[in-house]
Amino acid sequence: MRILVLGAAGRTGRHVVEQALGHGHEVTAFVHETPVGLSDSHLEIAEGDVTDFESVRSAVEGQDVVVSALGAARGSAGNSLSDGIGNVIHAMALSGVRRLVVLSASGTFARKDKRLSLGLRTMIATVLRATYDELEGMEQRVMASDLDWTIVRPVGRTDGPLTGVYRVLLDGEVLEDASAISRADLAALMLKSLSGTTYLCRAVTVGY
């Protein structure tokens with residue numbers, strides 16, 4: 001499988017790239033300024049910015065699937081994430097690439113849900129407000145597309161090990177009594193979502 005990984009130099013994206021290579025896939029790592037720091041005969045580096053349509057279109061061409069590990073910067077304002085995913089959706093439509101898995105966050109469209117911790121609800125209402133605005137804008141564009149999409153909403157991410165043991169809700173609801181998921185396990189679920197129909201056209205929540 002040929003996999004394009006957006007945000008490949010990020011802390012989650014790097015796990016996606018490493019695991020995809022470990023499974024024998026051909027990977028194109030799409031990076032902006034930060035190097036991915038990996039070398040493999042099955043790895044190609046594509047430099048660009050998701051807000052630049054031509055660089056996205058060039059990277060999408062010839063891929064089988066696209067995985068977005070892009071994130072909205074904390075405290076950011078604007079629509080760069082939703083605009084970027086709009087470019088991705090457009091490029092995929094032009095190239096005939098159907099499968100898209102995108103990274104979001106628990107609490108999207110459920111900012112006041114009391115199953116979220118009080119601390120997280122407070123942060124979403126203050127310092128993370130713009131971030132969640134961007135995530136919700138991105139999700140709306142993905143859901144409105146006619147692609148075969150999956151949105152993954154993790155709880156708080158850690159640098160813990162790959163365990164293969166986690167809980168998933170297929171309806172995108174807040175996962176009760178879950179406060180963490182390792183980026184390694186998150187990446188594993190994102191790659192797992194590329195196959196079969198279990199996660200097709202669903203927002204899924206993941207955590208321990």
**Asked** Which is of a type outside the set (Gly, Ala, Ser), outside any strand (DSSP E or B) and more than 16 Å from Leu103 (Cα to Cα), of Asp146, Asp185?
**Response** Asp146
**Fill in**
In region 111-136, residues that are small (Gly, Ala, Ser) and either closer than 15 Å to Asp177 by Cα or surrounded by 18 or more Cβ atoms within 10 Å (Cβ to Cβ) (or both) total 2
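Residues checked against (1) at pLDDT 90 or above; (2) hydrophobic (A, V, I, L, M, F, W, C):
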{"residue": "Leu118", "(1), (2)": "no, yes"}
{"residue": "Val127", "(1), (2)": "no, yes"}
{"residue": "Arg167", "(1), (2)": "yes, no"}
{"residue": "Ser179", "(1), (2)": "no, no"}
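Matching residues to (1) closer than 20 Å to Arg99 by Cβ; (2) at pLDDT below 95; (3) surrounded by fewer than 18 Cβ atoms within 10 Å (Cβ to Cβ):
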residue	(1), (2), (3)
Ala20	yes, no, no
Gly24	yes, no, yes
Ser39	no, yes, yes
Glu44	yes, no, yes
Asp49	no, yes, yes
Val56	yes, no, no
Val60	yes, no, no
Gln63	yes, no, no
**Prompt:** Residues in region 150-157: is at least one over 16 Å from the mean Cα position of the chain (by Cα) and either among the small types (Gly, Ala, Ser) or surrounded by 15 or more Cβ atoms within 10 Å (Cβ to Cβ) (or both)?
**Reply:** no
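Looking at Ala91, is it without any contact (Cβ under 8 Å) to a residue 60 or more places away in the chain, surrounded by fewer than 17 Cβ atoms within 10 Å (Cβ to Cβ) and assigned to a helix (DSSP H, G or I)? Spell out how you get there, then give the answer.
Values: without any contact (Cβ under 8 Å) to a residue 60 or more places away in the chain: yes; surrounded by fewer than 17 Cβ atoms within 10 Å (Cβ to Cβ): no; assigned to a helix (DSSP H, G or I): yes.
No.
The values are calculated or read from the model by the stated rules, or taken from the named source; none is laboratory data. Predicted, not measured: the structure shown is a model, and the values here were computed from it. Positions of Cβ are generated from backbone atoms using ideal geometry, with glycine treated the same way; all protein chains shown enter the neighbour counts.
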